[in-house]
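The values are calculated or read from the model by the stated rules, or taken from the named source; none is laboratory data. As the structure is a prediction and not an experimental result, all values here were calculated from the model. Every residue, glycine as well, gets a Cβ built from its backbone with ideal geometry; the counts of neighbours run over all protein chains shown.
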Amino acid sequence: MPGPACVADDADLFDVAEAIAAEWAALGVRGSFLARHIDTGEQLGFDVEESVPLASVAKVPLALVALDRIATGELDAARPVLVDPATSSVGPTGLAAFRHPATVAVGDLLLLMLSVSDNAAADTLFGLVPAEQVDTRLRAWGCTGIRLRHRLNRMYECAAGAAGNDFSLALELAIRDDHSGRHTIEMLDPAHANVGTATGLVDLLQRVWRDDIAHPDATAELRRVMGHQVFTHRLASELRADTLRVSGKTGTFLHLRHEIGVVESEVGDRVAMAALTRSDRRANLAPDIDLVIGTSARLAFEALRR
Amino acid sequence: MPFWYDSRMDLLAHLEAYVAAVDEASFSRAAERLGIAQPLLSRRIKTLETHFEGQLFDRSRRQVATTELGVLLLPYARDVLDRAQRLRHVARSARRSAACGVGVPADCGPAALARVIRAGVEHGTALGMRELPPAEREAGLADSSLAYALVRVPPEHAPLRVPLGLASAPSETPDGARPASPEDRPRTRRRTVHLEDLRPRRVGGAGHRRTAAVPILTTVEDHVGYAQDRLRRAVARAGLPEATVRSAGPMATALAETLAGQATLLCAEPFARQHGARWAALGDTSLHRGYDLRAAHRGRGPAKVPQWLCALLATAVGAAPDEPTAAVARAVGEDGRSRLAAHG
């Protein structure tokens, strides 16, 4: 099997990209990686143009479009919305794990969606800003490489439809289909899923951090809320210091383990990253894969910072 | 049809009648010697004369006389009967001396196998122990090159269950005992090894270095489809990298690596003890070995397996005497539905 196609702006960065690719391969991890210094534009990575199902990473572009509507006055952040467990989306965290109806303001749905990856909050927002409108907006902004097509719960529905609530079977199907290219679980098919490329996602983060997209109030709020993510087991795992800040969004579904985010240092370096992985691991948890995303992020940040 | 052969005729019985009649010079004495009725003997001789198209006896006188043809054929008839007799002897002695092949796993203790062989002698059956990989044991039963074999079956349905565990380097003290604790507390807890406990530790402080997980070596006895699948999944679910499990290759090398503390070997307890390794059973009993002692097909159905053989082979293979506790893998505090959803 040929190795991944590395991209880098100079020989040293190329070596780092190759080292990261080798670490992924050693763990049986496939996928794309891209890290780019937001201000110098220098970057390193591999297989950066592959379209990958985003899972919960799709909540970032959704948040940007919703926040833009709020900033332009089309949507009220204080507007209360009733979320009823009887009809809301499946998920392990936030409102998706609630057992009783709750009324939450639109602005706080955004916080829940990005801080704890709340599927019910995300799909309630999709109720206010449908996927087609998010997709249209992204294209109007020139965000090539990202496509939004469906609510989050579609992933659960397709997986449960194919495997009948049997996680092991769904995982087995996902792994098998990943090799054959014929997808039993529709939401793993890049032709039907919410998808993005590493380049497309890093472009988006770079523009958000440079106020180069949407309304500046929207980008500022997105940066603030992404800084509240509670998960630190992936991108942030090797970058936990008071002098560093990681703002990220994970995405996990069956054999997919992703995270995109921005690492900022006290002295002003800002590096946007996307790590999009797939593996044949027949397990729900794969701590070594989570960790290799963290070690890759650290290697890339230290190589790219000035 | 060749003149000398008629499939409806038992040539040997007919020749016997002819030779006996010549020897005894009397049909009645010949019939007596062969233990058959005289009319039957006469009929056989008559049939033989029809086939040879000539009289063997001259019945015109009071005393039975052998004709010229009867004298001429006599040595040839005796020769055929001698050869048939030898054929029966060879077949019988071959049946007595041939050992019954018994397919056993490669890691049985020699002393235990010796007990099986001795018991075979006592029961009048010569047993030959054949160390073979699982697939070849099954193939041996199918083509009857083995009379009996221990066949691998999933442990939960198995009549014989062999606890599998990990062999590791022995402790430093020469007799394998751990140094006594200062307070002299007894060490009575039986250790079980759980795969998730094998995850490399994240060491804090000055020694900030993550060691890789110690490899688990597997022998050919565990290269059975379902067993490999189960182990692979269990290793993944325990949070261990896939590369943790690898094939042991030559046994001497695998044992050396194990005793040197660079690997652990998946094996049964007697095998580990025999080589001076430490051993702890795997907590997940669905990963243990299961065996069924089966016999090769004879005629219509499988032959019966003698009970004494089953008991001795159970010991040789290291089967646990007690009833197993049902191993029901419980997912730890999972919410099945939400695991199928996208999450953080």
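Worth a mention:
- Of all residues in the stretch A:238-278 being within 13 Å of chain B (Cβ to nearest Cβ) and surrounded by fewer than 22 Cβ atoms within 10 Å (Cβ to Cβ), the one that is farthest from A:Met226 (Cα to Cα): A:Glu238
- The set of residues in the stretch A:145-185 that are among the acidic types (Asp, Glu), part of a helix (DSSP H, G or I) and within 11 Å of another protein chain (Cβ to nearest Cβ) comprises A:Glu157, A:Glu172.
- Restricting attention to the stretch B:200-217 and to residues that are within 16 Å of B:Ala263 (Cβ to Cβ) and part of a loop (DSSP other than H, G, I, E, B), the residue that is modelled with the highest pLDDT turns out to be B:Pro215.
- Of the residues making up the stretch A:93-112, those that are among the charged types (D, E, K, R) and in a helix (DSSP H, G or I) number 1.
- Scanning the stretch A:277-306 for residues that are β-branched (Val, Ile, Thr) and free of Cβ contacts under 8 Å to residues at least 60 places away in the same chain turns up just one, A:Ile293.
- Residues being aliphatic (A, V, I, L, M), assigned to a helix (DSSP H, G or I) and at pLDDT below 80 - total across the stretch B:80-98: 3
- Among residues of the stretch A:196-240, those that are in a loop (DSSP other than H, G, I, E, B) and more than 13 Å from the chain's Cα centre (by Cα), counted: 16
- When the stretch A:24-76 is filtered for residues that are part of a loop (DSSP other than H, G, I, E, B), in contact with a Lys or Arg (Cβ under 9 Å, 6 or more places away or on another chain) and farther than 18 Å from A:Asn194 by Cβ, the ones remaining, listed by number, are A:Leu27, A:Gly28, A:Ile38, A:Asp39, A:Thr40, A:Glu42, A:Asp47, A:Leu75.
- Residue satisfying all of: in the stretch A:113-144; within 11 Å of chain B (Cβ to nearest Cβ) and assigned to a helix (DSSP H, G or I); surrounded by the fewest Cβ atoms within 10 Å (Cβ to Cβ) among these: A:Ser115
- Taking the stretch A:34-68 as the range and being under 20 Å from A:His179 (Cα atoms), more than 14 Å from chain B (Cβ to nearest Cβ) and in contact with a helix residue (DSSP H, G or I) (Cβ under 7 Å, 6 or more places away or on another chain) as the test, the residues that pass are A:Phe46, A:Val48, A:Glu49.
- Selection from the stretch A:204-258 of residues that are within 24 Å of A:Phe167 (Cβ to Cβ) and of a type in the set (Gly, Ala, Ser): A:Gly251
- Whichever residue in the stretch B:45-69 is out of contact with any Lys or Arg (no Cβ under 9 Å at 6 or more places or on another chain) and of a type in the set (A, V, I, L, M) and, among such residues, is nearest to B:Asp10 (Cα to Cα): B:Leu48
- Qualifying positions in the stretch A:39-73 - under 21 Å from A:Gln133 (Cα atoms) and over 16 Å from the mean Cα position of the chain (by Cα): A:Ala66, A:Leu67, A:Asp68, A:Arg69, A:Ile70, A:Ala71, A:Thr72, A:Gly73
- A:Asp189 meets the conditions (1) away from every other protein chain (no Cβ under 11 Å); (2) out of contact with any Asp or Glu (no Cβ under 7 Å at 6 or more places or on another chain); (3) buried (at least 21 other Cβ atoms within 10 Å of the Cβ) in every case but one. The failed one is (3).
- Residue check, B:Ala238 within 14 Å of another protein chain (Cβ to nearest Cβ), surrounded by 18 or more Cβ atoms within 10 Å (Cβ to Cβ) and modelled with pLDDT under 85: no
- Scanning the stretch A:4-16 for residues that are within 24 Å of the chain's Cα centre (by Cα) and modelled with pLDDT under 85 yields one hit, A:Pro4.
- Among the criteria (1) surrounded by 13 or more Cβ atoms within 10 Å (Cβ to Cβ); (2) modelled with pLDDT under 90; (3) hydrophobic (A, V, I, L, M, F, W, C); (4) in a helix (DSSP H, G or I), the one B:Ala112 does not fulfil is (2).
- Pick from the stretch A:279-304, criterion among the β-branched types (Val, Ile, Thr) and out of contact with any helix residue (DSSP H, G or I) (no Cβ under 8 Å at 6 or more places or on another chain), ranking: farthest from the other protein chains (Cβ to nearest Cβ): A:Ile293
- The residues on offer are A:Ala96, A:Ala86, A:Ala71, and the sole one that is buried (at least 24 other Cβ atoms within 10 Å of the Cβ) and either away from chain B (no Cβ under 14 Å) or over 25 Å from A:Ser296 (Cβ atoms) (or both) is A:Ala96.
- B:Ala327 vs. criteria away from every other protein chain (no Cβ under 14 Å), in contact with a Leu (Cβ under 9 Å, 6 or more places away or on another chain), surrounded by 13 or more Cβ atoms within 10 Å (Cβ to Cβ) and at pLDDT below 75: yes
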